[in-house]
1. Go through the range 16-32 residue by residue and turn each phi into a ³J(HN,Hα) via Karplus (6.51, -1.76, 1.60, θ = phi - 60°); whole Hz please, and just put x for glycine and proline.
2. Once you've got the Cα coordinates, tell me which of Lys67/Lys161; Lys67/Lys106; Lys60/Lys106; Lys51/Lys172; Lys106/Lys164 are over 24 Å apart.
3. Which of the peptides 154-166, 71-83 is most tightly packed, and how do the rest follow, judged by the mean count of other Cβ atoms within 10 Å per residue?
4. Using a Förster distance of 41 angstrom, determine the FRET efficiency expected from the C-beta separation of Arg28 and Lys119, and round it to 0.05.
5. Give me the distance in nm between label points sitting 7 Å out from Cα along the Cα-to-Cβ direction at Ser8 and Thr38, one decimal.
Amino acid sequence: IDKLSHLSGRDELTGLLNRRALRELVERRLLHQRRTGTAGCIAFIDLDHFKEVNDTLGHKAGDEAIKMVAAFLQKAIRPIDYAGRVGGDEFVLWIDDADEDTAAEKARRLLDYMPEVRKALGNEKLGLSASVGICRSVAGVDLDFTVLTDRADAALYKVKKSGKNDIAFADKTRVEDNAAQPQDTGKKASKEDTTGNGDIGGGDAE
């Protein structure tokens, strides 16, 4: 049963946590933070020009790119952090007990790694890169995974609009304003998985 439970929480392609498992684990950490007053960061990652990989090199090459990024993320995090795949070319990191600078450093390492992915695929002229949105939790307030990922996704959208291949942070004013009022801890409906294997994928560091 434990093995089946473990597999059901994993993305089939990458072995990372899927969305359901990632959400459950992150929300446990958020509840812990409510008691301890610590905070962590959500990093929402989207690969830029990923369609170009599939269109020019085929879907097998696209899968290889996804697996390379997933393996890099797995190695980049600590055992207390989590990495998940939450869409076709979308990933989410939970970086525990960390500030924005720490999260940005990990994100920057991914951006610096992307030329190696292009080289491994056999076409260094590909536009394939990564954009990252980062949101720091507010201890005792942001007790909902969806709230944090939505904020990080909004920051990611700013990167996409301004040229991609960069990092942006969630608006601090918005986060602080929300901190003044208790958050509704009821779970919001999540986007359906686009990876074709039930929940949206991902995985934690062992």
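1. 6, 4, 8, 4, 4, 5, 4, 4, 4, 5, 5, 5, 5, 5, 5, 5, 4
2. Details: Lys67/Lys161 26 Å; Lys67/Lys106 18 Å; Lys60/Lys106 27 Å; Lys51/Lys172 32 Å; Lys106/Lys164 17 Å.
In this structure, Lys67/Lys161; Lys60/Lys106; Lys51/Lys172 lie more than 24 Å apart at Cα.
3. Sorting 154-166, 71-83 by mean packing, highest first, produces 71-83, 154-166.
4. Efficiency at R0 = 41 Å is approximately 0.60.
5. Result: 2.9 nm between the two label points.
The numbers here are math on the coordinates, done by the rules we state, and not lab data. Just so it is clear, the model here is predicted, and its values are computed rather than measured. Cβ coordinates were reconstructed from backbone atoms using ideal geometry, including for glycine residues, and neighbour counts include every protein chain displayed.
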